[in-house]
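Structure, as structure tokens:
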Amino acid sequence: MKRLSWFNIVALTLGFAFLYIPMLILIVYSFNASKLVTVWAGFSTRWYGELLRNEAFLDAAWVTLRVGVFSSTIATVLGTMAAFVMVRAGRFYGRTLFSGMIYAPLVMPEVITGLSLLLLFIAVGLERGVITIVLAHATFSMCYVSVVVSSRLATFDESLEQAALDLGCTPWDAFKSVTLPIIAPAVIAGWLLAFTLSLDDLVIASFTAGPSATTLPIKIFSSVRLGVSPEINALSTIIIGIVTVGVISASLISKRAIVRQRQDEQAAVG
Amino acid sequence: MLARRVLIGVPYLWLLVLFLVPFGIVLKIALSDYALSIPPYTPTMDFSQGWSGVKRFFAALDLENFWFLSEDDLYWKAYLSSLRIALISTFLTLLAGFPIAYAMARAPQEWRPALMMLVILPFWTSFLIRVYAWMGILSNEGFLNQALMGLGVIGTPLTLLNTDIAVYIGIVYTYLPFMILPVYATLERMDESLLEAAEDLGCSRLSAFWSVTFPLARPGMVAGCFLVFIPALGEFVIPSLLGGSGTLMIGKVLWEEFFANRDWPVASAVAIVLLLLLIVPIILFQRNEQKQREANR
């Protein structure tokens, strides 16, 4: 095995220190007893307690969760359809416009997406609230889903589907029992990506949320503007914890799925 | 062929209504006049008067808001300073990201998935929280000043929070994964025997790096730079949390025009100009990607 040179060890250490120390400080100081965030006054879980008693934060968390689940589910259905259109549909009228609209939201500044959707909702007289945030989030995250799913579809062996059709499956059955299980990891990854994008979004939600619906990022942003607060540190720690557990378990599950798929393929060949 | 029509039609219609039409509306409002009404602009399309209403609507549109943008110093300064901040922070991200990507590509094979995971993990964590984390570090009584004063490097605290420097740090920190991943992808594919060949031919290690590794990593570096530059240009959260009142960025100006001044026509005009500013880098980025795909084939 090759040894890492000193330069590389230093680069990795400094790099990961830069990426992780700010978050570690946040986590450590969320257990600080003092209200002064930068002065350590002993270990305490006081701020977690205050957080759980804070109705406004709990309401915002509930709105965020609902928006996340609905918008990412819609985005996954639409994004998977769009991926099939991009990879399989061949030529059709307006294809260039379609692929333009799929890729454009990926590079569009959030302030513009937010502003334009808000102006649409006002123009058609849709009252702003949970529904408008769901529509907005579904629209920009479906494009991310379609990128993830279409990269999987592009490497998919279409003859498998053909075989199912030859054996008497209807196209829908073939999709359900052959195609979907094979692209499932990409679809799930797309859903997770859409869900985190939705949980994370401040700018688009601020434009499209009315006074009746406040999401967690909007709430965090408005209290953080006034300065650092221990409650927000506690909330951040909870979010970082959930994300870390989620990402690590998702990657372990997908690793196992890949291993199993390989075993199945070998068993089928042998 | 009904199934095919539904498959194409549903996402198409969705994007038309929720992506393309809103842009039409932004353009329309950018060409309208500010008014003290709800919604705060005129003219609004009035179909009840039939064709003459539509004609009057188009007659009332003009470029006034764009003239206003070009005459007011604030907007010029905001555009130029957004460009400057985005360029400088992209360069700094490249400086910070390249060594990390390089070291990852040289690390033993079995470490690499874990290292990749460590780079990707912050990307899944809330953007807002990652920016917020720096507020506590950079403030006057923050951790960085405490550490530097504790070490005796400085006597009085440095003013970092609410300056452009804090904005640079924030952008480098949040967008670093976007730089590391494409650079790592090109470096990992690189055939290391090329380096041995260069050294056998009498290159020093440094000149082998400059004449072999660096050019081979260029496509990844270009892709990474675009992935940082494009979103940084329209950034709102970082300048508003870490930047000061003197930090001008278009995203922030647009936000304030809309939410604080309630001037929708000017906010829409700012959005249109920001979009025009982004078109060139986006097209260049697409070309770079295309070239890469063809080269890999």
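A few remarks follow.
- Looking across the stretch B:117-134, the residues that are in contact (Cβ under 8 Å) with a residue 60 or more places away in the chain, crowded, with 22+ Cβ neighbours inside 10 Å and facing chain A (nearest Cβ under 7 Å) come down to B:Leu128, B:Tyr132, B:Trp134.
- Between A:Val69, A:Val37, the distinction of being within 28 Å of A:Ser206 (Cα to Cα), in contact with a Phe, Trp or Tyr (Cβ under 7 Å, 6 or more places away or on another chain) and either within 12 Å of chain B (Cβ to nearest Cβ) or not acidic (Asp, Glu) (or both) belongs to A:Val37 only.
- When the stretch A:110-134 is filtered for residues that are more than 7 Å from every other protein chain (Cβ to nearest Cβ) and among the polar types (S, T, N, Q), the ones remaining, listed by number, are A:Thr113, A:Thr132.
- Test: residue in the stretch A:116-128 that is under 18 Å from the mean Cα position of the chain (by Cα) and either outside the structural domain of A:Ala194 (by TED's automatic domain parsing) or surrounded by 24 or more Cβ atoms within 10 Å (Cβ to Cβ) (or both): no
- Qualifying positions in the stretch B:140-162 - surrounded by fewer than 14 Cβ atoms within 10 Å (Cβ to Cβ) and either within 18 Å of B:Ala232 (Cβ to Cβ) or more than 10 Å from chain A (Cβ to nearest Cβ) (or both): B:Ala147, B:Gly150, B:Leu151, B:Gly152, B:Val153, B:Ile154, B:Gly155, B:Thr156
- Summed over the stretch A:221-234, the residues that are touching a residue at least 60 places away in the same chain (Cβ under 8 Å), of a type outside the set (S, T, N, Q) and within 18 Å of B:Ile137 (Cβ to Cβ) give a count of 3.
- In the stretch A:90-100, the qualifying residues are those that are without any contact (Cβ under 8 Å) to a residue 12 or more places away in the chain and assigned to a helix (DSSP H, G or I), and the one that is surrounded by the fewest Cβ atoms within 10 Å (Cβ to Cβ) is A:Thr96.
- Flag if A:Val87 is of a type in the set (A, V, I, L, M, F, W, C), assigned to a helix (DSSP H, G or I), more than 10 Å from every other protein chain (Cβ to nearest Cβ) and more than 17 Å from the chain's Cα centre (by Cα): yes
- Single residue of A:Val107, A:Val149 found to be surrounded by 14 or more Cβ atoms within 10 Å (Cβ to Cβ), within 25 Å of the chain's Cα centre (by Cα) and more than 9 Å from chain B (Cβ to nearest Cβ): A:Val149
- Residue match in the stretch A:33-43 (condition: at pLDDT 90 or above, farther than 19 Å from B:Val119 by Cα and assigned to a loop (DSSP other than H, G, I, E, B)): no
- Residue count for the stretch B:182-224, restricted to those that are touching a residue at least 24 places away in the same chain (Cβ under 8 Å) and small (Gly, Ala, Ser): 5
This table checks each residue for (1) more than 11 Å from every other protein chain (Cβ to nearest Cβ); (2) out of contact with any helix residue (DSSP H, G or I) (no Cβ under 6 Å at 6 or more places or on another chain).
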residue	(1), (2)
A:Gly210	yes, yes
A:Val228	no, no
A:Ala234	yes, no
A:Thr237	no, no
A:Ser249	yes, yes
A:Ser254	yes, no
A:Gln263	yes, yes
A:Gln266	yes, yes
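- Extreme residue, surrounded by the fewest Cβ atoms within 10 Å (Cβ to Cβ), among residues of the stretch B:85-97 that are among the hydrophobic types (A, V, I, L, M, F, W, C) and more than 9 Å from chain A (Cβ to nearest Cβ): B:Leu95
- Single match in B:Ile165, B:Ile137 (criterion: open to solvent by 60 Å² or more (accessible area, probe 1.4 Å) and of a type in the set (A, V, I, L, M)): B:Ile165
The values are calculated or read from the model by the stated rules, or taken from the named source; none is laboratory data. The model shown is predicted, which means the values in this text are computed figures rather than measured ones. A quick note on method: Cβ atoms are made from the backbone with ideal geometry, for glycine too, and the neighbour counts reach across all protein chains shown. Heads up: the accessible areas ignore ligands, DNA and RNA and are worked out on the full protein's heavy atoms, side chains in. Shrake-Rupley method; radii C 1.70, N 1.55, O 1.52, S 1.80 Å.
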